[in-house]
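**Q** This structure is in structure tokens; I'll ask about it shortly.
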Amino acid sequence: MKLHEYQSKQIFSKFGVTIPKGRVAATASEAKQIAEELGSRVVIKSQVLVGGRGKAGGIRLAKSPKEAEDLATQILAMEIKNLPVRKVLVDEAANIDKEIYIAITNDRAESKPVMMASSEGGIDIEEIAHRSPEKIIKVHIDPLLGLRNYQARDIAASIDLPREYWRAFGGIAHGLWEAYIQCDATLAEINPLVITSDKRLIALDGKMVLDDNALFRHPDLAEMRDLDVEDPSEIEARKYGLSYIKLDGEIGCMVNGAGLAMATMDIIKLYGGQPANFLDVGGGASAEKVAAALRIILTDPNVKAVLFNIFGGITRGDEVARGILSALAEVKPRIPMVARIVGTNAEEGRRLLNDAHMITASTLVDAAQKAVNAAKGGSDEHPGQ
């Protein structure tokens with residue numbers, strides 16, 4: 001789950017990271033009022049969860065409250081990469097002497113968090129990382145010990161930060177680490193962290209990505225979710241506890257188990273098809289949950305066939321079959337359905353589907369081939385077998 005800049009910076013501030021004075025506004029008049037309160041030049045920054053806001057004209061400098069109002073009016077009317085701008089952040093403008101980059105993310109290869117920093121922050125950090133990777137300093141952090149003081153000093157020295165800023169940089173590095181850990185983040189980034197003309201270190205921009213699987217521990221953070229960036233089907237799936245990700249293919253997939261779902265997608269591609277989604281109904285899925293999953297799959301107009309691949313361990317095959325039939329009775333789809341059910345009560349499940357004239361298969365290879373053929377408009381020679 002991605003957080004907006006203003007949300008990320010508010011969290012950073014709670015952990016001792018210095019941020020500019022400012023507030024978020026939903027209207028141009030609010031932006032003007034904030035600018036008047038700040039009493040200085042301000043930056044009007046669009047709040048959308050995509051990169052390239054500055055290049056798209058979504059970040060502008062205002063020299064007066066009236067100009068802040070005018071710019072906010074323009075920015076709030078924008079769409080950036082097809083996302084509407086609903087809020088702007090009005091921040092006090094900073095006189096920048098130098099831009100730095102600092103972030104923490106997961107290094108899965110090392111099974112540890114890694115702090116990254118560069119003496120060259122700003123909008124071109126990705127290009128710098130690609131062109132000159134040696135300019136990105138990386139330090140792995142032991143999750144049991146946390147960020148150590150010497151590590152922060154090593155990073156400061158490695159990016160040639162003047163020694164007079166080491167103490168402040170260490171405080172910001174530790175604050176970023178605490179925000180990362182306490183919020184169960186997968187990314188906490190400040191870009192840029194700037195040295196101002198009055199010798200301060202300030203986080204001008206911030207970004208956080210949270211682990212969805214840990215949101216049950218953070219109901220306050222879960223409420224910050226921006227639904228504009230999410231597919232409506234994924235929002236609906238979350239209501240039923242379904243793991244659903246929309247893709248661009250034509251074969252809808254309903255599977256119980258993430259590993260089995262990935263294998264199902266792979267074998268569909270092996271036989272010439274393209275999966276339309278990843279969908280894991282989980283263990284112990286009820287008929288109601290399966291019916292909801294099928295309704296979500298069928299909302300995708302690109303789906304030309306649906307493949308059910310169910311392993312009956314915790315989930316009973318007959319219960320899944322009843323869920324499928326319940327959804328079919330409600331939605332009344334006009335596309336072919338292919339089902340492979342094995343495990344607990346699999347025979348009863350297949351019998352129920354056979355009686356409903358669905359295409360069934362006993363192996364995953366057979367099921368994938370039948371689904372690909374059905375999606376291409378072919379007919380199955382042995383429906384119900």
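The values are calculated or read from the model by the stated rules, or taken from the named source; none is laboratory data. What you are looking at is a predicted structure, and each value in this text was computed from that prediction instead of being measured. Every residue, glycine among them, receives a Cβ derived from its backbone with ideal geometry; neighbour counts consider all protein chains shown. Just the protein is used for accessible areas: all its heavy atoms, side chains included, with ligands, DNA and RNA removed. Shrake-Rupley method; radii C 1.70, N 1.55, O 1.52, S 1.80 Å.
**Q** Run N213 past the list (1) outside any strand (DSSP E or B); (2) crowded, with 16+ Cβ neighbours inside 10 Å and report the number of the one that doesn't hold.
**A** In the conditions (1) outside any strand (DSSP E or B); (2) crowded, with 16+ Cβ neighbours inside 10 Å, N213 misses (2) alone.
**Q** Is it true that I324 is among the β-branched types (V, I, T), out of contact with any Lys or Arg (no Cβ under 9 Å at 6 or more places or on another chain) and open to solvent by 10 Å² or more (accessible area, probe 1.4 Å)?
**A** No, not satisfied.
**Q** Scan the stretch 57-75 for residues that are among the small types (G, A, S), surrounded by fewer than 20 Cβ atoms within 10 Å (Cβ to Cβ) and modelled with pLDDT of 95 or more and report the count.
**A** Adding up the residues that qualify gives 1.
**Q** Still on this structure, I have one more. Quick check: anything in the stretch 21-42 touching a residue at least 60 places away in the same chain (Cβ under 8 Å), under 21 Å from the mean Cα position of the chain (by Cα), more than 24 Å from D160 (Cα to Cα) and open to solvent by 30 Å² or more (accessible area, probe 1.4 Å)?
**A** No, there is no match, as no residue in the stretch 21-42 is touching a residue at least 60 places away in the same chain (Cβ under 8 Å), under 21 Å from the mean Cα position of the chain (by Cα), more than 24 Å from D160 (Cα to Cα) and open to solvent by 30 Å² or more (accessible area, probe 1.4 Å).
**Q** Looking at this structure, is I202 in contact (Cβ under 8 Å) with a residue 12 or more places away in the chain, open to solvent by less than 20 Å² (accessible area, probe 1.4 Å) and outside any helix (DSSP H, G or I)?
**A** Considered against the rule, which asks whether it is in contact (Cβ under 8 Å) with a residue 12 or more places away in the chain, open to solvent by less than 20 Å² (accessible area, probe 1.4 Å) and outside any helix (DSSP H, G or I), I202 comes out as yes.
**Q** Next up: Name the one entry in I268, I235 that is in a helix (DSSP H, G or I), open to solvent by less than 50 Å² (accessible area, probe 1.4 Å), touching a strand residue (DSSP E or B) at 6+ places or on another chain (Cβ under 8 Å) and over 30 Å from M116 (Cβ atoms).
**A** After ruling out the rest, the residue left standing is I268.
**Q** Restricting attention to the stretch 302-323, does a residue exist that is assigned to a loop (DSSP other than H, G, I, E, B) and under 27 Å from V209 (Cα atoms)?
**A** Looking through the stretch 302-323, none of the residues is assigned to a loop (DSSP other than H, G, I, E, B) and under 27 Å from V209 (Cα atoms).
Here is a yes/no grid of residues against (1) closer than 23 Å to E236 by Cα; (2) not small (G, A, S):
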{"position": "L270", "(1), (2)": "no, yes"}
{"position": "V281", "(1), (2)": "yes, yes"}
{"position": "A291", "(1), (2)": "yes, no"}
{"position": "R334", "(1), (2)": "yes, yes"}
{"position": "I341", "(1), (2)": "no, yes"}
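**Q** Please go through the stretch 1-20 and pick out each residue that is more than 12 Å from G206 (Cα to Cα), open to solvent by 40 Å² or more (accessible area, probe 1.4 Å), in a loop (DSSP other than H, G, I, E, B) and not small (G, A, S).
**A** F15
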